[in-house]
Amino acid sequence: MPQLSLTPFELSVGRIALAAALAAIGFYFLLPRPSGRRIGPGIAVLIAAAAVFAAWLVGAFGRPMPDLVGTTLFGLFATAAVGFGAVLVTQRNPARGAIAFAFVILSTCGLFLLLAATLLMAATIIVYAGAIIVTFLFALMLSQTAGPADENDRSREPLLGSLAGFGFTGLVLLTLYLNHLAAMPVGEATAPAEARQPVRLPVAVLTSGERQALSEAVSRLDALIGRLGVESLPPDAIEPLVSDAEAVRDKIAVVVGSDEFSRPGSIRERLEKLGTRPGEPSVTLVRSDEQARRVLSRTETVRRLNQQAQDALQNHLLEGKPDRVSVAARFRELRDETLLLAGMADLPARNVSNLGYLLYTQHLLAVELAGILLLIATIGAIAITHRKGVTS
Amino acid sequence: MITLGHYLAVAAALFGMGLVGFLTRRNLITMFLCAEMMLQGVAINLVAFARFHGNLEGQAFVVFILAVAACEAAVALALFTMLYRRGKSLDVSVWQSLRELGVPPTVDTEPLPPPPAEERVVLPPAGVRPPRSGDEEVARV
């Protein structure tokens with residue numbers, strides 16, 4: 001069968017456009033209309049759109065590395081959220097739509113749980129699914145008319161509305177994909193498909209030991225940055241600071257390497273040794289796997305920043321410039337890049353207390369403003385529904 | 001490993017569907033729930049960024065989104081109650097006169113299907129003996 005030789009860029013853009021178009025057609029079929037809607041074809045087209053979207057996701061952002069439980073849970077929650085969302089938009093009966101929205105909230109809270117946001121999961125279920133949806137269900141049931149009604153059985157401009165909404169969504173997904181591509185070296189995305197072997201790398205791009213070492217380095221860097229930010233540093237605190245900084249530097253250098261001591265680092269050793277021994281896949285395999293390429297370029301960045309941060313600290317201690325603020329900024333850059341290399345951050349397990357600390361120290365003004373907003377909303381709600389001449 | 005991009009794409013899908021629902025539906029409550037679905041998409045975005053940058057700033061902002069959504073629900077419900085009292089309907093097209101000038105009015109050309117006719121069940125009044133035909137055997141007690 002003749003294979004369409006599309007570049008990966010064209011393939012991804014084509015998939016986004018196809019998913020958006022199929023979704024628009026599916027919603028056009030399913031939005032309520034007095035003259036009857038085509039439910040069967042609508043659902044079939046929507047399932048096709050979801051399949052194309054999933055194919056684009058897997059193709060564009062790389063095949064997820066083996067993490068079976070996490071991937072299964074993500075797939076489950078994401079599918080449920082998108083599926084029940086479609087039910088909310090197309091369901092004729094608003095009470096059923098509200099129940100579908102409750103399930104959207106539950107799936108979204110599942111995604112929150114996967115992202116280590118435990119307070120938000122509980123708070124969203126209680127506030128949204130518990131308070132808002134129940135209130136609106138009561139309001140619905142008190143005002144429902146039996147049988148076909150204008151508000152339930154008609155849609156405003158189903159075709160144009162679906163096209164506009166999914167055109168916008170397609171553009172957002174395209175922007176996401178283009179930003180993702182910007183991390184790749186120029187020219188790779190436009191290489192023809194046959195030159196890229198879709199074979200998986202036989203070794204892991206980043207082992208869990210390396211990831212753990214990098215995460216520990218990140219938390220140590222956080223502590224270091226905290227100490228660097230202190231107003232005045234007593235002279236006996238300088239020694240431990242320097243030794244901590246050197247310990248972090250060595251910890252990072254084990255993984256990413258160091259130019260000063262000409263160490264390649266464990267990532268480069270593992271990935272670049274491929275192809276030097278006979279019988280192993282060639283070096284082009286490493287270059288054609290986008291995750292490997294991205295990790296290698298980021299390794300280089302972290303190596304450079306590691307050196308820069310240490311040099312800045314040494315210069316500050318010896319000569320007094322750069323000042324401590326810019327040294328802390330250098331360490332913060334290093335911390336952010338190391339975190340991106342590790343791939344996923346470890347958020348503190350005591351989520352509630354850390355979130356409370358953050359809200360009441362750095363976002364105090366916003367908390368007060370939110371409280372005032374809630375007060376005004378309560379007063380406004382009472383004022384709107386107040387009937388003149390009716391005593392309570 | 002599920003990367004940041006996966007979460008952002010799912011959030012974009014939720015936002016897009018909420019947008020379509022808000023633009024096309026006419027029931028006030030359904031429109032409101034679609035707007036809330038847009039907010040959920042944004043919340044997933046923020047929490048995913050918080051996870052992948054290693055700080056809790058994104059989660060703090062979602063706390064504010066939650067507070068604002070609660071306010072919005074209270075005020076929206078008050079508005080819908082008042083509009084229902086005046087218009088006797090939850091249809092947003094009843095209030096077309098509030099639109100900007102120059103937009104053609106929404107006229108529903110297709111008629112709604114008639115409501116399904118319920119079977120009228122006729123029950124005999126209690127206590128009255130139903131008429132009996134002549135050739136029926138009656139047990140004279």
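The values are calculated or read from the model by the stated rules, or taken from the named source; none is laboratory data. Because the structure is a prediction, the values reported are computed rather than measured. Neighbour counts run over all protein chains shown; Cβ positions are idealised from the backbone, glycine included.
B:Phe80 meets all of the listed conditions (1) within 20 Å of A:Thr385 (Cα to Cα); (2) at pLDDT below 90; (3) part of a helix (DSSP H, G or I) but one, namely (2). In the set (1) assigned to a loop (DSSP other than H, G, I, E, B); (2) at pLDDT 70 or above; (3) in contact with a Leu (Cβ under 6 Å, 6 or more places away or on another chain), the condition left unmet by A:Ala349 is number (3).
Among the conditions (1) within 27 Å of A:Leu176 (Cα to Cα); (2) facing chain B (nearest Cβ under 9 Å), the only one that A:Gly97 does not satisfy is (1).
Checked against the criterion of being touching a Pro at 6+ places or on another chain (Cβ under 9 Å) and among the charged types (D, E, K, R), the candidates A:Arg154, A:Arg96 yield just one match: A:Arg154.
Tally time: how many residues in region A:57-89 are within 8 Å of another protein chain (Cβ to nearest Cβ) and surrounded by 14 or more Cβ atoms within 10 Å (Cβ to Cβ)? Let's see the steps before the verdict.
First, pick out the residues of region A:57-89 that are within 8 Å of another protein chain (Cβ to nearest Cβ): A:57, A:60-62, A:64-65, A:67, A:70-71, A:74, A:78, A:81-82, A:85-86, A:88-89.
Next, only the ones that are surrounded by 14 or more Cβ atoms within 10 Å (Cβ to Cβ) stay: A:57, A:60-62, A:64-65, A:70-71, A:74, A:78, A:81-82, A:85-86, A:88-89.
Qualifying residue count, region A:57-89: 16.
Just one residue in the set A:Leu76, A:Leu68 is at pLDDT 90 or above and aliphatic (A, V, I, L, M); that residue is A:Leu76. In region B:22-38 there is at least one residue matching the filter, namely being more than 14 Å from the chain's Cα centre (by Cα) and surrounded by fewer than 24 Cβ atoms within 10 Å (Cβ to Cβ). Elements of the type helices (runs of 4 or more DSSP H) sitting completely within region A:22-130 and holding at least 3 residues that are in contact (Cβ under 8 Å) with a residue 40 or more places away in the chain: these cover A:39-60, A:68-90, A:94-114.
Within 28 Å of the chain's Cα centre (by Cα), facing another protein chain (nearest Cβ under 7 Å) and over 17 Å from A:Ile125 (Cα atoms): is that true of B:Arg51 in this structure? The answer is no for B:Arg51.
Please determine, by comparing only the residues of region A:307-346 that are among the charged types (D, E, K, R) and at pLDDT below 75, which one is surrounded by the fewest Cβ atoms within 10 Å (Cβ to Cβ). Spell out how you get there, then give the answer.
At the first step, the residues of region A:307-346 found to be among the charged types (D, E, K, R) are A:311, A:319, A:321, A:323-324, A:330, A:332-333, A:335-337, A:346.
Filter once more, so that each one left must be at pLDDT below 75: A:321, A:346.
Working: A:Lys321: 11, A:Asp346: 16.
Top of the filtered list is A:Lys321.
For region B:54-84, the candidate set comprises residues that are over 18 Å from the mean Cα position of the chain (by Cα) and of a type outside the set (A, V, I, L, M); within that set, the residue that is surrounded by the fewest Cβ atoms within 10 Å (Cβ to Cβ) is B:Glu57.
Filter region A:132-152 down to the residues that are within 7 Å of chain B (Cβ to nearest Cβ), under 26 Å from B:Glu72 (Cα atoms) and of a type outside the set (Val, Ile, Thr) and list them by number.
Keep residues of region A:132-152 that are within 7 Å of chain B (Cβ to nearest Cβ), which gives A:132, A:135-136, A:139-140, A:143, A:147-148, A:150-152.
Okay, now just the ones that are also under 26 Å from B:Glu72 (Cα atoms), so A:132, A:135-136, A:139-140, A:143, A:150-152.
Those that are within 7 Å of chain B (Cβ to nearest Cβ), under 26 Å from B:Glu72 (Cα atoms) and of a type outside the set (Val, Ile, Thr): A:Phe136, A:Ala139, A:Leu140, A:Ser143, A:Asp150, A:Glu151, A:Asn152.
Within region B:84-94, the set of residues being in contact with a Leu (Cβ under 7 Å, 6 or more places away or on another chain) and more than 7 Å from chain A (Cβ to nearest Cβ) comprises B:Val92 only.
The single condition among (1) modelled with pLDDT under 80; (2) surrounded by fewer than 18 Cβ atoms within 10 Å (Cβ to Cβ) that A:Asp222 does not satisfy is (1).
Considering each residue of region B:29-40 in turn, at least one proves to be in contact with a Pro (Cβ under 9 Å, 6 or more places away or on another chain), of a type outside the set (S, T, N, Q) and assigned to a helix (DSSP H, G or I).
Check whether at least one residue in region B:60-73 is touching a Leu at 6+ places or on another chain (Cβ under 7 Å), more than 8 Å from chain A (Cβ to nearest Cβ) and more than 30 Å from A:Pro34 (Cβ to Cβ), and report yes or no. Checked against the condition, which is being touching a Leu at 6+ places or on another chain (Cβ under 7 Å), more than 8 Å from chain A (Cβ to nearest Cβ) and more than 30 Å from A:Pro34 (Cβ to Cβ), region B:60-73 yields at least one hit.
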